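What follows is a short report on a single structure.
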């Protein structure tokens, strides 16, 4: 097992090398560079040349790439061209926001999606099953920007139930930027302030619903089909013939086996969400990595885009590795060599 | 042979029967996209305590469905019991409460299925799968339940039972997996063991071992066995009685010796002629049964076997024969269990059974009707037939 993990981690090296090359080539194929964004539309060619020289953009492309990779190997992911903050620092302050949002969204997706899928499978073709099928199809098809705006309008503007932007109430609370930036943790455990915690939770609800809807629908669909498949397996008939209670059959025999495909889907979805939910973070002014990368793309901030992509790719690979290891635990027939 | 067999479900059966299991006029239907499938069409039989009964027939003849219906394990919502009664040890199983039925499964009546690979849960240890049976039916603690699991595994001849509790099904060979299945069925000491094709998925070399094992453990635990198979060879050396099923009907029943020596129903004759026998010399030809079993969504009006039967007469095409004494047109009532019964208007004689074909160039009614139609068509077209 350990060998398997090490081998998978070593596989990261070619992945990251390839990805960094692609990123450099693609970024320089696009028109414009950070200097255009920094200096604005009234810049003179002389200004731009000076700015490019300052950022090292006047060197040949291969030289830029080698310089960049030399930094990466030493753990230096570069500095943002627009605000001069190191990429590592920005990432570390923003990633906790994305993690909180992802965890909340997946919590919804798993907590509602699995019971919904199981219930639908056990009443196949019933009214409830058809309703769940239609609902999840809508959930999968609805565009996030539309759902996000709809949620903001209904629950924020119209009903005044929930805040529509940001991670906490800026007027009432403040957070130490040197902290972990996990606001749920900070408010409840460090500050021990229930009112503050409630405020953070309230801010989290709408973006989590917007982001969690697609994974919820996907998890519900996959759960339904996985449970249906397992229900017709011989070993479920055996379990019934043994006189087990239906609860025991559901938990031990049906769900335990259905969890194999479900866990794969959950892992993939989590990996995707951790990569930053650009639309959701943008709509809800959520200071996560999606929002950050979006701004970097607008500003043509090469170092941020490149390093951000590398870091997110690594996280995606690691999340998938965790899923594979978990899969081996769930499925004893698989032992990774 | 003092027990009374009665094909009709009346109150007297219970009083003088006292069989462990009584099935009367059981009917099962499945709904499918192509219509209602009449899988079991009025099946009546008894199983006595400590008896080994064989149920034989091709795939799709209703033998597995019958056993699943007894335990109310038909796939829902497609499968439905549409008539008849099932009485086990004096209890009406078709009207038993769900919880009582659950407790009866595995404790009083246990089942062994065909494929031990797919019938065991692949993601839990066999120890867990054995222990959970004990815990579903008793209040025994885990340690005690595990002890019982070890003892039962030793009973079915699994070496190193204690260590193997922690193993998963895929870590066993096919034969060992079936031993585990048998242990799972026997762990509560059931009165009736239903073995549905227990050796079909196994290597030929293992088959005999598993059959021996079933016979031995049934003897040791006192369980009655209903052995379901498509292979007459499997039941030959094992069972006291055999029932032959075709298209959801029992078409012939007798003691094992009697059935092999004097088969009466042409279908049984066909089954016997299609298995090789060493005791009749090398000259004997194997005769396959021509054709396919009938479409169970549209059963023919007469005997369901008539279209494939060389013995068929006119009556076979219009009237389904009842299960009675061979040659009698009346359904058998009040005869001793083990009496030779067949559902046939024109049963085979011993000579015909040995030859595998009807005597004196008998032309089956089906073939005759076919020839007649051909002749009529030829006349109509004005050509020489």
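As an exercise, use a Förster radius of 56 Å and the Cβ-Cβ distance of residue A:334 and residue A:189 to find the FRET efficiency, rounded to the nearest 0.05.
0.90
From the gyration tensor of the Cα coordinates in region A:105-222, what semi-axes in whole Å does the equivalent ellipsoid have, largest first, with each one equal to sqrt(5λ)?
So the equivalent ellipsoid measures 33, 17, 11 Å along its semi-axes.
Given the DSSP H assignment, sum -39500 (n - 2.57) over each helix run of at least 4 residues in chain B and divide by its residue total; what's the result at 222 nm in deg cm²/dmol, nearest 500?
Numbers: 15 runs with 134 residues, N = 385.
My calculation for chain B gives -10000 deg cm²/dmol from helical runs alone.
Report, to the nearest 10°, how far helix B:174-186 tilts away from the longest principal axis of the Cα atoms in chain B, using its own Cα long axis and a range of 0 to 90°.
Around 80 degrees separate the two axes.
When chain A is treated as a GNM, springs tying every alpha-carbon pair under 10 Å, which of A:101, A:17, A:206 comes out with the largest mean-square fluctuation?
A:17
Neighbouring Cβ atoms within 10 Å as the yardstick, rank A:185, A:161 fewest first.
If I rank by nearby Cβ atoms, fewest first, I get A:161, A:185.
Taking only the alpha-carbon atoms of region B:266-385, what semi-axes of the equivalent ellipsoid follow from 5 times the gyration tensor eigenvalues under a square root, in whole Å, largest first?
Ellipsoid semi-axes (Å, largest first): 29, 21, 13.
Send over the Kirkwood Rh of region A:236-337, from the inverse of the averaged 1/r over different Cα pairs, rounded to one decimal Å.
16.6
Once the mean 1/r over all distinct Cα pairs of region B:15-70 is inverted, what Kirkwood radius in angstroms do you read off?
Numbers: mean 1/r = 0.0791 Å⁻¹.
One over the average 1/r among Cα pairs gives 12.6 Å for region B:15-70.
As a footprinting exposure proxy, order B:98, B:257 by other Cβ within 10 Å, with the fewest listed first.
B:98, B:257
Largest first, please: the extent of the C-alpha atoms of chain B along each principal axis, to the nearest Å.
Taking the Cα atoms of chain B, the three principal extents are 85, 50, 45 Å.
Summarise the partner chain shielding of B:72-83 as one whole number: the mean count of Cβ atoms from other chains within 10 Å of each residue's Cβ. List each step's numbers first, then the result.
Values: counts 1, 4, 0, 3, 1, 2, 0, 0, 0, 0, 0, 0.
Per residue, the average neighbour count from other chains is 1.
Binning at 5 Å from 0, report for region A:44-183 what percent of all alpha-carbon pair distances ends up in each bin.
Going out from 0 Å in 5 Å bins, region A:44-183 shows 2, 7, 8, 11, 12, 11, 10, 10, 10, 7, 5, 3, 2, 1, 0 percent.
By per-residue mean of other Cβ atoms within 10 Å, what is the highest-first order of A:228-236, B:266-274, A:41-49?
Details: A:228-236: 17.4, B:266-274: 23.6, A:41-49: 10.2.
Highest to lowest by the protection proxy: B:266-274, A:228-236, A:41-49.
Please find, in a Gaussian network model of chain B (springs between Cα atoms separated by less than 10 Å), the residue of B:375, B:236, B:223 whose mean-square fluctuation is greatest.
Of B:375, B:236, B:223, the Gaussian network model singles out B:375 as fluctuating most.
On C-alpha positions alone, give me the angle between the axis of helix B:126-137 and the longest principal axis of chain B, in degrees, nearest 10.
So the helix axis and the longest Cα principal axis differ by about 90 degrees.
Dividing the convex hull volume of the alpha carbon atoms of region A:207-285 by its residue count, what do you get in Å³ per residue?
79
Looking only at other chains, what is the average number of their beta-carbon atoms within 10 angstrom of each beta-carbon in A:253-260?
The shielding value for this peptide is 2.
Could you compute Rg(Cα) / (2.2 N^0.38 Å) for region B:119-189, with N its residue count? Write out the running numbers ahead of the final one.
Details: Rg = 10.8 Å, N = 71, 2.2 N^0.38 = 11.1 Å.
Dividing the Cα radius of gyration by 2.2 N^0.38 Å gives 0.97.
Which angle between 0 and 90 degrees, to the nearest 10, do you get for helix B:142-155 versus the longest principal axis of chain B when only C-alpha atoms count?
Between the helix axis and the principal axis of chain B, the angle is about 50 degrees.
Just how many % of Cα pairs in region A:1-55 lie over 16 Å apart, if you round to the nearest whole percent?
For region A:1-55, the share of Cα pairs beyond 16 Å comes to 62 percent.
Most mobile of A:20, A:174, A:307 per a Gaussian network model of chain A (Cα springs, under 10 Å)?
In this elastic network of chain A, the residue with the biggest mean-square fluctuation among A:20, A:174, A:307 is A:174.
Other chains' Cβ within 10 Å of B:97-104 residues: what's the mean? Intermediate results must be reported in sequence, preceding the final value.
Values: counts 0, 1, 1, 0, 1, 7, 2, 1.
Taking all residues of B:97-104 together, the mean is 2.
Could you please rank B:184, A:259, placing first whichever residue has the fewest other Cβ atoms within 10 Å of its Cβ?
Numbers: B:184 28, A:259 21.
Taking fewest neighbouring Cβ atoms as first place, the list is A:259, B:184.
Taking a cut-off of 34 Å, what percent of all Cα-Cα pairs in chain A are separated by more than that?
Of all Cα-Cα distances in chain A, 40 percent exceed 34 Å.
One-quarter of the Cα convex hull surface for region A:165-222, in nm²?
4.9
Compute the Rg to Rh ratio over region A:71-111 from the alpha carbon atoms, using the Kirkwood formula for Rh, and round to two decimal places.
A ratio of 1.22.
Give me Rg/Rg_expected for the protein assembly as shown, where Rg uses Cα atoms only and Rg_expected = 2.2 N^0.38 Å with N residues.
Normalised Rg, Cα atoms only: 1.36.
Each value in this text was obtained by applying a stated rule to the coordinates, not by laboratory testing. Keep in mind that what you see is a predicted model, and the values were worked out from it rather than measured. Positions of Cβ are backbone-derived with ideal geometry, glycine not excepted, and every protein chain shown enters the neighbour counts.
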